[in-house]
Structure formats: C-alpha cells, structure tokens
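Engineer: Below you will find the structure I want to go over with you.
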Amino acid sequence: MRVCIYGAGAVGGYLAGRFSTVPDIELSLIARGAHLAAIREQGLQVRDKEAGDVTVRPFAATDDPLTLPPQDLVIVTLKSTALASAAEGIASLLGGIDSVAVFVTNGIPWWWNHGLPSANQVQGSHPVDPDGALWRYVTPDKAIGCVALSSNRVESPGLVLHAAFNQWKLGMPTAGRAGAALSQAAASQLHGVVTLWQSAGLNVEASNDLRGEIWRKLLVNIPNHSLGSLTRLSTDEIYRDPGRVALARTLLEEVVAIAAAHGWDLGADAVDRTLRHFQPNGKGARPSMLQDVEAGRPLEVAAVFDAVRALARHQGVRTPSLDVVTTLLGGLNEGIVSRAR
C-alpha cells in the first residue's frame, strides 16, 4: 500500500514514525529545505518516549509530488496557510479510484460547506481556499477530515520530538450534521483508513460528527492561540492572571454561541470545563501558533479566526472579543509575512 505524508514536519513527522512500523507500506514523505536534506541523508529521526524512538527511511523523500506515483492514501499535514498552493500537488497523488486524502488541520477546513445547508456554510470564498483550488482539484469527495490532539515539534532538521498526546478523530465531510448516516461505500472507506491508523499505534476513532469535534477543538485553539501569540506566554502562564482568564472566558462564550447558532450544542458546561482543564495543566506548553510566531512563520489566522468570524456573521452572532483578537493577530501575521519577504 502506498502512503504519502504531505508535509513531514512536526505532526507529519510523528505520523511518519508511526506508519513506518506498519508492514507492507511503501511510505513516501514530502518535505522541503534543510529538513528534507537531513531526511535524505540520515533518515527522519522521531523521538517518542511513549512508543520508542524510530528512524524512518522512506521509500522516497521529495519536495515535488509530481515525482511520486499515485498513492492509496495521502496524509496532508501542511499548515492551513500552505494548503491552497499545494492543491494541484495533492490532487496529482490521488490517481486511484479509491485513493483518498486525510487533512490534519486546525480551524474550519476548506471542505466545510460540503453537504451542509446554505445557512450553515461559510459564505463567499473560504479564507483557507480563496480561489477554490482545493475544492476544484482535490474535491471534497476525496477528502477525509481529521481532528488531532498531538503535541510535536521539529527540534532540528531531520529530528522530530513527540511531546505528548496521541488522539485522532477521522470523519467524512459527507456526514454533514450530527447523526447523518454515511453511505455504505463511505463508511467502508473510513473504516479502512481508521483500521490502518490503529495498526500504526495511533489512538484513533471514527466520528460521524467531525464538525462537532472541530467546534470542540476550537474551544482550545481560539483562546490559547490568540492569548499565547499576543502575550508570548505558555499555556499555564496565560491562565495565572484573572484578567486573561476573563478574556479567555469571553472568547469561549462567543465560540459556544457561534456553534449553537449553526446547530452544534457544545454543552452548558463547555466554558467552565475548558477553563478547568487548562488552568492547572499545560506546564510550559506553547500553542502551535505561538511556535509559528517565534519561528517567524505565517499564522493560521484565516482558518482558526477569520472563518469562524465568517460563520458568526452569517448567523448574526456578535463577537466583540473575537473581533479584537482577530484584528490584532491579523496585524501580527502581516508583520511576520512582510519581514519574511
């Protein structure tokens, strides 16, 4: 079976380590720059205290997907900021009738509108896919969504460290609203992918309501990404200050209201439950967007913030706190991108 990890950085590198242990897989990696050069020279080193260290020696490591044969499974772990420009490359790997791409992304994914009534869709162009390249070349029918809870980082070129967590939920865009039944073919395809991931030692579940899982992860991402990036504080430091906790609470209340307006009830205790989780936990944890700030990489503002605000506007939900942090993060991102040119 041919499996390609498109974006073998922190998360993709960790997945490469897990999939490299599965027999009868021809594993290819797409990476770039010094990281790619190190992988070609010495393999991809993955350090994992839970599952054990592994050196991945892939069938192929390249920065050009057109050099690879069609794949059975493509696992896309690119940041949402790089997805649209990679649309044709991803599509070039999906040559088989049963081939599929799993998108491990943050925020509101590019396929969100597929199967939803217009009242619950992102209106106009999706911030992650403004020209519709992913929709046009990859198509939602070839996509499986993934919500991940896994903390990893690229320590140096060719070296990925798995810090914590190994939780993954996979679902089909065609599932639409909670409880919507999948076709037999879609359910069979999802089952096959989940089984493969389980064979790699990944704690993965199939979800028939992946959009609900996305809303629940946004309860984590919206306050932690915004407050971490704007203050440069770790998660435990964020929640030491009553003023920051109050702002996080307001952001969480707004996310809950947006989700409810679109038909997803996150629970009456969603805000308190989320705050209880983070106030005593996360010692030294640095949200991925803060890591991007520190590394001078573009920020996932469009997927995590702009798209959520677009959904709020469509249902007339007021989001004053979300508006402020989104504006500030947009300016921060603009400066980062400008300096990188």
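Engineer: Subtract the Cα-Cα distance of ALA82 and ALA340 from 0.36 nm times their separation in residues, and report this length gain in nm to one decimal.
Structural biologist: Working: separation 258, 0.36 × 258 = 92.88 nm, distance 1.49 nm.
The span from ALA82 to ALA340 would gain 91.4 nm if fully extended.
Engineer: Rank by packing, highest mean first: peptides 21-27, 325-331, with packing defined as the count of other Cβ atoms within 10 Å averaged across residues. Could you put the intermediate results ahead of the total?
Structural biologist: Numbers: 21-27: 13.4, 325-331: 16.4.
Top to bottom by mean Cβ count within 10 Å: 325-331, 21-27.
Engineer: Further question: For segment 1-107, state the semi-axes of the equivalent ellipsoid (square roots of 5 times the eigenvalues of the alpha-carbon gyration tensor), sorted largest first and rounded to whole angstrom. Could the numbers behind the result be given before it?
Structural biologist: Numbers: eigenvalues 83, 47, 38 Å².
They are 20, 15, 14 Å, listed largest first.
Engineer: Separate question: Enter the per residue convex hull volume of segment 1-52, computed from alpha-carbon coordinates, in Å³ rounded to the nearest integer. Walk me through the numbers on the way to the answer.
Structural biologist: On the way: hull volume 4.1 nm³, N = 52.
Per-residue hull volume (Cα only) is 78 Å³.
Engineer: How large is the dipole of segment 214-256 about the Cα centre if only Lys and Arg carry +1 and Asp and Glu carry -1, each at its Cβ, rounded to the nearest 20 debye? Don't skip to the answer; put the middle values down first.
Structural biologist: On the way: 6 positive and 5 negative charges, 20 e Å.
Here the size comes out at about 100 debye.
Engineer: For the chain, find the longest principal axis of its Cα atoms and tell me its angle to the long axis of helix 33-42, 0 to 90°, nearest 10.
Structural biologist: Approximately 40 degrees, to the nearest 10.
Engineer: Efficiency by 1/(1 + (r/R0)^6): what FRET value for ASP24 and ALA119, r their Cβ-Cβ distance, R0 = 30 Å, to the nearest 0.05?
Structural biologist: Numbers: r = 46 Å, r/R0 = 1.53.
For R0 = 30 Å, the calculated efficiency reads 0.05.
Engineer: Binning every alpha carbon pair distance of the chain at 20 Å from zero, what are the percents per bin?
Structural biologist: Using 20 Å bins, I get a P(r) of 31, 61, 8 for the chain.
Engineer: Let me ask something else. Would you mind getting the accessible area per residue of the chain, heavy atoms of the protein chains only, 1.4 Å probe, in Å²?
Structural biologist: Values: 14580 Å² over 341 residues.
About 43 Å² of surface per residue is accessible.
Engineer: What is the percent carbon and sulfur in the accessible area of the chain, measuring with a 1.4 Å probe over the protein chains and ignoring ligands?
Structural biologist: Details: 7440 of 14580 Å².
Result for the chain: 51 percent of the exposed heavy-atom area is carbon or sulfur.
Engineer: Out of all DSSP beta bridges in segment 65-147, what portion is antiparallel? Express it as a percent rounded to 5. Mind dumping the intermediate values first?
Structural biologist: On the way: 1 of 9 bridges.
Roughly 10 percent of the beta bridges in segment 65-147 run antiparallel, per DSSP.
Engineer: Mean residue ellipticity at 222 nm from the helices of the chain, using -39,500 (n - 2.57) per DSSP H segment of n ≥ 4 over the full residue count, to the nearest 500 deg cm²/dmol?
Structural biologist: Working: 11 runs with 135 residues, N = 341.
Value at 222 nm, helices only: -12500 deg cm²/dmol.
Engineer: In whole angstrom, note down how far apart the Cα centers of segment 256-329 and segment 197-254 are.
Structural biologist: Segment 256-329 and segment 197-254 have Cα centres spaced 7 Å from each other.
The values are calculated or read from the model by the stated rules, or taken from the named source; none is laboratory data. Just so you know, these numbers come straight off a predicted model, no measurement behind them. A quick note on method: Cβ atoms are made from the backbone with ideal geometry, for glycine too, and the neighbour counts reach across all protein chains shown. To get the accessible areas, we keep the full protein, side chains included, count just its heavy atoms, and leave off ligands, DNA and RNA. Shrake-Rupley method; radii C 1.70, N 1.55, O 1.52, S 1.80 Å.
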